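> Quick one: the structure is below, questions incoming.
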Amino acid sequence: MEGSVPQNVSYRRKDHSEGLFGSAKNLIFDCRVGDGPIAGSSSYADDEVGACGATGDGDIMMRFLPCYQVVESMRLGMEPKLAAQDAIKRIARKFPDFVGAVFAINKNGLHAGACHGWTFQYSVRSPEMEDVEVFTVFP
């Protein structure tokens, strides 16, 4: 499956940065702007809370701003796993056949992902780690 691939989150002194590479040709309707430029849709970061990246069916996901939702849920005290699951469930209730995933990291470095319609992988590397670790998230 092709989709937007968020490259998210760089921690340096607890600052966040985010980037996005989009190639979702098979998921984009004609005459529309991709979900990448829409804040909160495919990525969102707040240095007081954490960050989130998303991939999948952007035409559906951008209606829900899942990354904004995840970060705001973490601001209210949710752990990244619950915040990610909550955002995905909100979309799945309205669009049960959509395919998508989010991954989140909080300001303490705790991370998690959630997905719907496929098995999703994300990777993490921190200064304490010798190599990148890949995490698999099941629907």
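> Just need a number here: residues in segment 90-102 that are within 13 Å of Leu65 (Cα to Cα) and surrounded by fewer than 19 Cβ atoms within 10 Å (Cβ to Cβ).
1
> Taking Lys81, is it open to solvent by 50 Å² or more (accessible area, probe 1.4 Å) and in contact (Cβ under 8 Å) with a residue 40 or more places away in the chain?
Here the answer is no, as Lys81 does not meet what is asked.
> Continuing with this model, one more query. What about Pro127, is it at pLDDT below 95 and either assigned to a loop (DSSP other than H, G, I, E, B) or open to solvent by 50 Å² or more (accessible area, probe 1.4 Å) (or both)?
The answer is yes for Pro127.
> Moving on to the next point. Would you mind listing the helices (runs of 4 or more DSSP H) fully within segment 45-102 where at least 2 residues are modelled with pLDDT of 95 or more?
66-75, 80-94
The values are calculated or read from the model by the stated rules, or taken from the named source; none is laboratory data. Nothing here was measured: the structure is a model prediction, and the numbers come from that model. Note that each Cβ is placed from the backbone with ideal geometry, even for glycine, and that neighbours are counted across all protein chains shown. Please note that ligands, DNA and RNA were not included when accessible areas were found on the heavy atoms of the full protein model with its side chains. Shrake-Rupley method; radii C 1.70, N 1.55, O 1.52, S 1.80 Å.
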